[in-house]
Amino acid sequence: MAMAVTATVGTAARRPAAPARTATQARTGTHLRTTTRVRLTRRGRLTIFLTVLVVAMVAVFGHAAASADAPAAPTPVTVHVVVSGDTLWDVARTVTPAGQDVRDTIVKIDELNDLTGSRLTVGQQLLLPRG
């Protein structure tokens, strides 16, 4: 709503009269506000929430990605072809250095070959860590 201020020469400008209060405003005692409140819709609240969530995730995970370790040194390997009767434990035991745990070697073999279980098939080629 536009308000016009008129003045004549030689007189001071007058402020226009405030709009009349409604019956509800008169009954409840509320007054007209001169400032406009921002009402957020459900979509607006969702947008703000997702923005804050993304900023928080970048703050948490961005730091972790920036401080990642350098690539590991390459592991020297040998290739073993699985024959009938071979088990992962037997194969790992043959390449495990004395005094070390065979289970640690099995973990390394799993990582090198992306194994999903301990079942081996005849003819399968396994990369085995050397010493």
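Things to note:
- Neighbourhood net charge (15 Å Cβ-Cβ; Lys/Arg +1, Asp/Glu -1) for Arg119: -4
- Rounded to two decimals, the Cα radius of gyration of segment 77-129 over 2.2 N^0.38 Å is 1.02.
- Rounded to the nearest 0.05, the FRET efficiency derived from the C-beta distance between Asn113 and Met57 at R0 = 41 Å is 0.75.
- Measuring r between the beta carbons of Ala72 and Phe49 and using R0 = 35 Å, the FRET efficiency lands at 0.35.
- Estimated inter-spin distance, Gln124 and Leu40, nm [label 7 Å along Cα→Cβ]: 5.4 nm
- Evaluated with a Cβ-only charge set (Lys, Arg +1; Asp, Glu -1), segment 77-129 carries a dipole of roughly 80 debye about its Cα centre, given to the nearest 20.
Bear in mind that the values in this text are calculations on the coordinates, not laboratory data. What you see is a predicted model; the values in this text were computed from it and never measured. Note: ideal-geometry Cβ built from the backbone for every residue, glycine included; neighbour counts use all protein chains shown.
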